[in-house]
Amino acid sequence: QLAKMLLVSLGYKSENEGFTGNAWATNVNVRAAQKGLYEGLETMDTNAALTRDNAARMVWNALNAYEVEYKTTLVTDSKGQLTSQITVQDKVGIDNLSQKLTLLRDKYEAVIYEGTLKASGKYNAMNATGTGSDKLVVDVKYVDGTDVSGSNFNNQALKCKKDFTDLLGQYVKVMYDTKDKTVYGVFPVADENTVITATMGDVDTVAADATKVKVDGTEYDLENTATNTNVYGASTPGNFQTVFTGTNSATKVKFISNDGNDKIDLAIVVPVNVYEITYVGSDNITLKNLNGAPALGNIKKSDCVISGDLAKDDYVSVIGKEYNFDGKYEVTKLTTTEGKTEQIKTASSATTDMKVGGTWYTLLSGLKDDNNNQI
């Protein structure tokens with residue numbers, strides 16, 4: 001019954017399609033399957049009561065389906081007599097966004113863009129154009145299901161005041177209002193994306209194999225060789241080996257495959273640096289860098305998103321404001337561990353790891369002691 005209502009809303013006529021009479025349910029199911037109303041619901045029993053989630057999915061499928069229209073043509077039969085023939089076809093639009101009209105676009109002035117999310121707010125890790133505090137940029141591949149690769153829709157900047165930075169680099173769908181030029185929502189396409197999140201301390205290159213990367217002991221294939229893999233953030237873009245060699249172990253990295261084959265297409269790197277707090281005031285905090293991190297000195301609390309109650313002599317991790325949607329520093333209070341150093345690991349005469357209290361800790365590259373000596 002719902003499928004019939006949705007098909008009629010798409011433009012199908014009951015009298016033409018046999019949606020009435022003894023075989024109406026069979027005819028409806030055939031058309032519904034052809035139109036994609038049952039996409040993602042292949043195991044659903046169409047004779048059972050419909051659940052709310054399945055109903056929502058069917059409505060969503062219908063909104064993204066093309067509307068139809070009937071075309072009447074005159075044809076000559078075998079006896080030379082003219083007769084009318086009615087055929088149904090997808091409804092054609094009149095502008096250059098798409099040749100066909102979805103129900104969502106025709107009735108609600110909304111368009112579905114598909115492509116790679118390149119920028120969100122002030123965070124422009126992937127060299128996208130048209131960014132700003134209220135901009136979202138998507139490298140458009142499809143519009144309402146129509147392939148527009150290589151067209152002028154690529155690098156489309158849309159108005160958006162919500163934070164979608166967690167989806168940067170992923171293949172997404174964007175619902176966009178063509179009337180007031182704003183974004184309704186952004187969501188990743190699950191079948192296209194594989195995302196591995198880690199810190200640099202968990203990442204290693206694979207000896208003698210530039211087509212792989214190892215994350216926390218598990219190897220992953222790169223889409224291209226290391227010299228061709230796109231690395232955004234710390235270096236924009238950069239050579240894989242150059243960016244990942246000697247990078248701060250606390251730095252965040254997200255490896256993304258966005259074309260459905262599970263091979264890493266790109267990596268987004270967000271530098272995380274550690275500071276010691278030397279002053280906390282009502283409006284400002286003063287930070288002392290510990291491992292060659294960019295000098296910040298005295299910064300305003302209003303320019304920060306702060307996690308934890310801060311006090312003098314505390315240690316904090318800081319993510320630069322250029323890596324956040326709202327353009328603010330992300331300051332997080334760190335926990336500390338005290339104890340005797342039981343063992344150390346070294347590489348190239350530098351200490352890389354320490355064992356304290358029975359636990360191994362990886363040191364930040366460039367870490368110095370209180371006397372400014374390299375550890």
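The values are calculated or read from the model by the stated rules, or taken from the named source; none is laboratory data. Given the structure is predicted, the values throughout are model-derived calculations rather than measurements. FYI the Cβ positions are ideal-geometry reconstructions off the backbone, even for glycines, and counts take in every protein chain you see. Side chains are part of the model used for accessible areas, which takes the heavy atoms of the whole protein and leaves out ligands, DNA and RNA. Shrake-Rupley method; radii C 1.70, N 1.55, O 1.52, S 1.80 Å.
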Which of LYS288/LYS321; LYS252/LYS355; LYS100/LYS173; LYS4/LYS107 exceed 21 Å between C-alpha atoms? The answer is LYS252/LYS355
Projected area averaged over all directions for the convex hull of the alpha carbon atoms of segment 110-205, nm², comes out at 7.1 nm²
The ratio Rg/Rh over the Cα atoms of segment 1-133, Rh being the Kirkwood inverse mean 1/r radius, stands at 1.13
Mean shadow area (nm²) of the C-alpha convex hull around the chain is 27.7 nm²
Note on segment 240-375: C-alpha Rg/Rh, Kirkwood Rh, two decimals, gives 1.01
Packing-ranked peptide list from 252-258, 149-155, highest mean Cβ count within 10 angstrom first, is 252-258, 149-155
Kirkwood Rh over alpha-carbon pairs of segment 122-172 plugged into Stokes-Einstein at 4 °C, 1.567 mPa s gives a D in µm²/s of 112 µm²/s
The percentage of the accessible area of the chain (probe 1.4 Å, all protein chains present) made up of carbon and sulfur atoms, to the nearest whole number, is 46 percent
Scoring only Lys, Arg, Asp and Glu (+1, +1, -1, -1) among other residues with Cβ under 12 Å from the Cβ of GLY201 yields -3
Checking rank on 5-12, 184-191, 39-46, with mean other Cβ inside 10 Å and highest first, the result is 5-12, 184-191, 39-46
Here the membrane-span-like helices of the chain, with no claim about any membrane, defined by DSSP H, Cα axial extent at least 15 Å and mean Kyte-Doolittle at least -0.5, are 52-63
From DSSP H assignment alone, runs of 4+ in the chain each adding -39500 (n - 2.57), the sum over residues rounded to the nearest 500 puts [θ] at 222 nm at -3500 deg cm²/dmol
Segment 48-126: spread of alpha-carbon positions along the three principal axes, whole Å, largest first, is 70, 41, 19
For segment 332-371, the Cα convex hull volume per residue in Å³ comes to 105 Å³
In nm, the gap between the two label points placed 7 Å beyond Cα toward Cβ at ALA49 and GLN1 is 1.2 nm
With the 1.4 Å probe rolled over protein heavy atoms, the chain has an accessible area per residue in Å² of 54 Å²
